[in-house]
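What follows draws every value from the coordinates through simple rules; no lab data is involved. All figures in this text were calculated on a predicted structure; none of them were measured in a lab. In this analysis, Cβ positions are derived from the backbone assuming ideal geometry, glycine residues included, and neighbour counts consider all displayed protein chains.
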Amino acid sequence: MGKMRACLCWCSHLLAIFAAVSVAAGRNPQTSVQTSQPSPAAPQRVRGQGEPTKAEILRGAYGTYRANNDLLFYHLDIRIDPAKKLVSGKNTIRFKMLQDDTRIQLDLADTLNIDKILLDATPLHYERDSGAVFVDFPYTLRSGSVYSIDFYYSGTPVQTGRFGGFTFGTDPSGHPWIYTACEGIGASIWWPNKDQWRDEVESMQISVAIPNDLVDVSNGRFQGKTDLGDGYTRWDWLVHYPINNYDVSVNIGNYQHFSDKMGDLDMDFYALPEDLEKARKQFSQAKGMIEAYEHYFGEYPFKKDGYKLVEVPYSGMEHQSAVTYGNHFANGYLERDWTGVGISPRFDFIIIHESGHEWFGNSVSAADPSDMWIHEGWTTYLESLYVEYMYGKDDAIKYLNGYKPKVKNDRPILTLRGVNGEPPADQYFKGVLFINTLRSIVDDDARWWKLLHDFYQHFKYQNIMTDDVVQFFNQQTGMNLTPVFDQYLRHTAIPTLELKFDTAKSTVSYRWQADEPMFQMPIRVGKKDNWQVLRATSDWQTTRTSVNKDDFEVATDLYYVNVSKP
Ligand SMILES: [Zn+2]
């Protein structure tokens, strides 16, 4: 079955935040990527907000002509001409029909040409509607049967979006540097596919023909290269696992390669010649990262494909098994203390964050961009797990609470389904604070570690929605956490703990103020190191306290809540 999956290191979100801030290193071509963004004055539509457009529905809905088939395999076989800025070739698409039908929906940006679509040797008719391509068959495709079509296309992909989508660039020494980063915008901006998150191929071949003097790094296991005799060499890669469309990438440049091993895991690294020594030093952090995440969740998910880090001019992206990296070979995030509490400068944010997506985003994936917190909230939490593994719990709690000033609480983390929605950056920052809150509710670290491990193992290589997450946590904990999940993910506001003190009686009254009527959550209050647990609900309750109002604390670093203490 095509697994459902998804991700984006909407590190584009992060990048967007940074777009307003000038990048320290002028050398980095990323600067040009950032300055090419629309000015703040230009009205920018947020996907999934307001009335969806027809194009958004075509792009985002899992409609009839998508749901009637299940993807099995892609072979993307293309030639890229850097001088002419031209991409041409085909995608062979193998799928199983789930219903009898004569039509399926694929997607390709309307700026690219469709040269022909063949079923064996038979040209197929098709109809284009914005980015959608409805392919019609001359006879009824039968449920349960497997079909394969060759979708030929050509053109110059439009450079778009925060990371460029598809960029024909040059490196600082003038060599071509061509790369893709299309999460959000979608892979159909540069190759034809079924461009949605629910259904993934089970495996994929990627063949990229490029001028002889360049290197292509794509996803999966390198199969070899073939000199085509016309100045071009074809690089062949095989992805042994399900893969999100937007993770599929080409990185073409004057790369130098070095490798390492971690047990039987192959690690391959690609950097420009002038950055090679810096890369050797900085990329050594990948081992500690894999050790930490394997400790909490289990084996690196894409072992047959190996783990790769590939230098690019934008900050980074979680391209499956070929994570792209542009963090200046320095710790922190673009040379900044990302959560502002002195811990981020101890490690390379892009290596730790983007690689964390191998577990959450690439292995466990969301089935619709509306639920992308499954990628970003969880991967941001993985950053804090890396800190906990390396430096201990106190630093982890401190690190993740450093995200608080970034939270906006101006719209819910979950967005409208079926419109290729774009969740707010709170999916990262509020997401990690929410998951840390869940840990405090569970209030038993041994149990929490087992829960995390089992959660990942249960859903690995699957595409899921928030309801699946909630159901799993409810089942495993025996608690009804639905109102808690709903409050943090489906509402704008976080819960407020209301406190009223009666000094004469040495009591405190307490209740939750929340949008969810059934919201209840235990919380630690009183004095640090000697917390008292309140089983607070939305109804007023009263308890004795020896701590007076001014000294009365709430463990807000363990629970992401507001406190009202009038
Ligand atoms: Zn991310």
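Quick notes on this structure:
- For the chain, averaging the sequence separation of C-alpha pairs within contact (under 8 Å, six or more residues apart) and dividing by the residue count gives a relative contact order of 14 percent.
- The phi torsions of the stretch 415-422, fed into the Karplus equation with coefficients 6.51, -1.76 and 1.60 and a -60° offset, translate into couplings of 10, 4, 7, x, 10, 6, x, 10 Hz, rounded to whole numbers, with Gly and Pro shown as x.
- Calculated over the stretch 139-209: convex hull of Cα atoms, volume per residue (Å³): 145 Å³
- Phi angles across the stretch 297-307 convert, under the Karplus curve 6.51 cos²θ - 1.76 cosθ + 1.60 with θ = phi - 60°, into 3J(HN,Hα) values of 10, x, 3, 3, x, 10, 4, 5, 8, x, 10 Hz, Gly and Pro given as x.
- Zone of residue 227's modelled label, taken as backbone nitrogen in the stretch 173-211 under 19 Å from a point 7 Å along Cα→Cβ: 208-211
- Normalised by 2.2 N^0.38 Å, where N counts its residues, the alpha-carbon radius of gyration of the stretch 51-193 equals 1.12.
- Rg ratio (alpha-carbon, reference 2.2 N^0.38 Å) - the stretch 88-163: 1.18
- Rounded if a/c under 1.5, otherwise prolate or oblate - the stretch 417-472, Cα gyration tensor axes: oblate
- Sequence-distant lysines (8 or more away, or on other chains) whose Cα lies within less than 28 Å of residue 96: 3, 54, 116, 194, 303, 304, 460
- Mean separation of Cα contacts under 8 Å (6+ apart) over length of the stretch 252-304, as relative contact order %: 27 percent
- Among 366-379, 115-128, 470-483, the order from most to least packed when residues are scored by Cβ within 10 Å on average: 366-379, 470-483, 115-128
- Under 5 Å, built H, 5+ apart or other chain: amide partners of residue 256: 271, 272
- The relative contact order of the stretch 416-523, computed from alpha carbon pairs under 8 Å that lie at least 6 residues apart in sequence, is 19 percent.
- Per the Cα gyration tensor, the chain maps to an equivalent ellipsoid with semi-axes of 43, 27, 21 Å, ordered largest to smallest.
- Compactness check for the stretch 419-561: Cα Rg over 2.2 N^0.38 Å is 1.16.
- The stretch 394-449 and the stretch 92-162: distance between their alpha carbon centers, rounded to Å: 39 Å
- The chain - charge dipole about Cα centre, Lys and Arg +1 at Cβ, Asp and Glu -1, debye rounded to 20: 980 debye
- For 198, 336, 535, the sequence from fewest to most other C-beta atoms within 10 Å is 535, 336, 198.
- Extreme residue, positive dipole direction of the chain, given options 533, 149, 462 (C-beta unit charges): 533
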